[in-house]
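The next block holds one structure in the form of structure tokens; read it before the comments.
No lab work stands behind these numbers, since they all come straight from the coordinates. No experiment lies behind these values; they were computed from the predicted model shown. Reconstructed Cβ throughout: ideal geometry from the backbone, glycine too, with neighbour counts over all protein chains shown.
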Amino acid sequence: TIGMVVIDKTGHIAAGTSTNGAKFKIPGRVGDSPIAGAGSYADSTAGGAAATGDGDIMMRFLPSYQAVEYMRKGNDPTLACQKVISRIQQYYPEFFGAVICANTTGSYGAACNKLPEFSQFHFMIYHPLQSQPIEEKVDCI
Amino acid sequence: SGLLPLVINTWPFRGATLAAWQNLQAGGSALDAVEKGCAWCETNQCDGSVGFGGSPDEYGETTLDSMIMDGDTMKVGAVADLRRIKNAVGVARKVMEHTKHTLLVGESATQFAECMGFPNEELSTNTSRFLYLEWLGHNCQPNFWKNVIPDASKSCGPYKPSRVLKQHLHTSEKINIHSHD
């Protein structure tokens with residue numbers, strides 16, 4: 001799955017996702033990606049977020065919407081992402097998932113749920129100080 | 001601290017990031033950039049988890065889900081269980097711009113896509129067919145059924161509901177870095 005948030009130079013925010021879902025899913029199954037607030041969310045007055053992982057679990061918590069609301073309340077993007085992951089952890093400690101967050105000023109962050117086979121999450125960034133896309137990573141919590 | 005404009009995306013899909021950025025630099029909107037970035041992954045089958053030829057379902061078919069959202073207007077367009085159309089995010093954009101709905105699914109979404117001018121194409125590839133046949137050869141393991149007869153942890157379907165509902169501890173066994181939303 002790809003989840004993406006773009007903020008243009010005047011602060012307009014858009015978000016989106018695209019996926020072919022889980023391997024060997026039951027036909028008809030749909031994950032979180034096409035659900036607004038789950039797979040991604042954008043509000044130009046607060047920020048944007050996108051989620052990736054186990055859509056069957058993540059869609060129950062509307063993580064992208066929740067992250068944007070945390071940023072609206074003043075949380076920085078990294079903390080907003082971490083709070084979302086923590087909330088899901090309370091119910092599903094072994095879920096596979098990560099969230100990226102960006103606020104209206106262009107600050108960004110990410111968080112993921114630590115598992116034995118998933119200890120870091122890699123994501124991509126491009127902003128005016130760079131001459132090419134940069135891969136960044138966060139340690140999962 | 002932040003700088004604008006900004007492109008950020010999940011996973012190390014460099015080409016998608018670059019496609020979105022270049023679209024912005026060419027004068028595209030944030031919405032245009034998201035569409036171009038996601039479409040890049042659909043065309044290039046990022047990670048096998050985006051676009052055609054990946055993640056076959058229990059019938060061996062690849063279906064696509066996509067969504068796009070405008071943070072200025074809160075307009076959303078989305079498609080789910082989209083069949084035989086490669087450019088899912090493009091169809092999602094059309095849902096947003098040419099309907100008053102938010103989400104179209106399944107064969108009806110395919111019909112909508114065809115009306116909007118998208119070609120009807122096979123989404124399976126030799127890779128996805130191989131994955132599917134391998135899965136069949138391993139007694140359809142892993143799968144997403146529970147509380148069914150025959151035991152889904154050992155056998156392929158068709159399944160019927162079992163009378164006993166057991167508690168199943170959630171694990172990340174079936175969804176992981178190689179198979180995810």
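The distance between label points at B:Lys146 and A:Gln89 comes to 2.2 nm (points 7 Å beyond Cα on the Cα→Cβ vector). For segment B:38-132, the C-alpha radius of gyration divided by 2.2 N^0.38 Å, with N the number of residues, is 1.06. Take every DSSP beta bridge whose two residues both sit in chain B; close to 75 percent of them are antiparallel.
Of the GluC sites (Glu not before Pro) found in segment A:58-141, those that fall in a DSSP loop while having at most 11 other beta-carbon atoms within 10 Å are A:Glu117.
Taking a point 7 Å from the Cα of A:Lys114 along the Cα-to-Cβ direction, the residues of segment B:146-175 with backbone N closer than 20 Å to it are B:171-173. Applying 1/(1 + (r/R0)^6) with r as the Cβ-Cβ distance of B:Met74 and B:Thr99 and R0 = 22 angstrom yields a FRET efficiency of 0.90. Suppose R0 equals 25 Å. What FRET efficiency, 1/(1 + (r/R0)^6) with r the Cβ-Cβ distance, do B:Glu173 and B:Glu121 give to the nearest 0.05? With a Förster radius of 25 Å, E is 0.15.
Within the set A:Lys23/B:Lys75; A:Lys83/B:Lys146; A:Lys25/B:Lys86; A:Lys25/B:Lys94; A:Lys23/B:Lys86; B:Lys154/B:Lys174, which residue pairs have Cα atoms separated by over 22 Å? Violating the 22 Å Cα-Cα cut-off are A:Lys23/B:Lys75; A:Lys83/B:Lys146; A:Lys25/B:Lys94. Equivalent-ellipsoid semi-axes for segment B:99-149 (Cα gyration tensor, √(5λ), whole Å, largest first): 32, 18, 7. If you wrap the Cα atoms of segment A:1-84 in a convex hull and average its projected area over all directions, you get 5.4 nm².
Counting only other chain Cβ atoms within 10 Å of each residue's Cβ, the peptide B:43-52 averages 3. Once the mean of 1/r is taken over each pair of separate Cα atoms and inverted, chain A shows a Kirkwood hydrodynamic radius of 14.9 Å. Per residue, the average separation of C-alpha pairs within less than 8 Å and at least 6 apart gives chain A a relative contact order of 18 percent. Over all directions, the projected convex hull of the C-alpha atoms in the protein assembly as shown averages 15.8 nm² in area.
Averaged over the residues of peptide A:84-97, the number of Cβ atoms from other protein chains lying within 10 Å of each residue's Cβ is 2.
Ranking B:Tyr132, B:Ile68, B:Trp145 by how far each Cα lies toward the positive end of the dipole of segment B:61-181 (charges on Cβ) leaves B:Trp145 at the top. The ratio of the alpha-carbon radius of gyration of segment B:1-52 to the globular-protein estimate 2.2 N^0.38 Å is 1.12. For segment A:37-93, the fraction of alpha-carbon pairs lying more than 14 Å apart is 46 percent, rounded to a whole number. Using θ = phi - 60° in the Karplus curve 6.51 cos²θ - 1.76 cosθ + 1.60, the 3J(HN,Hα) couplings for segment B:150-157 round to x, 4, 5, 7, 10, 10, 6, x Hz; x is entered for Gly and Pro. FRET efficiency for the pair A:Thr78 and A:Glu135, taken as 1/(1 + (r/R0)^6) with r the Cβ-Cβ distance and R0 = 22 Å, rounds to 0.85. For segment A:87-95, 3J(HN,Hα) computed residue by residue from phi via the Karplus equation (6.51, -1.76, 1.60; θ = phi - 60°) reads 5, 5, 4, 4, 9, 10, x, 9, 6 Hz, glycine and proline entered as x. For chain A, with a Gaussian network of springs between Cα atoms less than 10 Å apart, report the residue from A:Tyr108, A:Tyr92, A:Tyr65 with the top mean-square fluctuation. Checking each option, the largest mean-square fluctuation is seen for A:Tyr92. Computed over chain B, the P(r) curve from all C-alpha pair distances, binned at 5 Å from the origin, holds 1, 8, 14, 16, 16, 15, 12, 9, 6, 3, 1, 0, 0 percent per bin.
When DSSP beta bridges are restricted to pairs lying wholly in the protein assembly as shown, around 95% turn out antiparallel.
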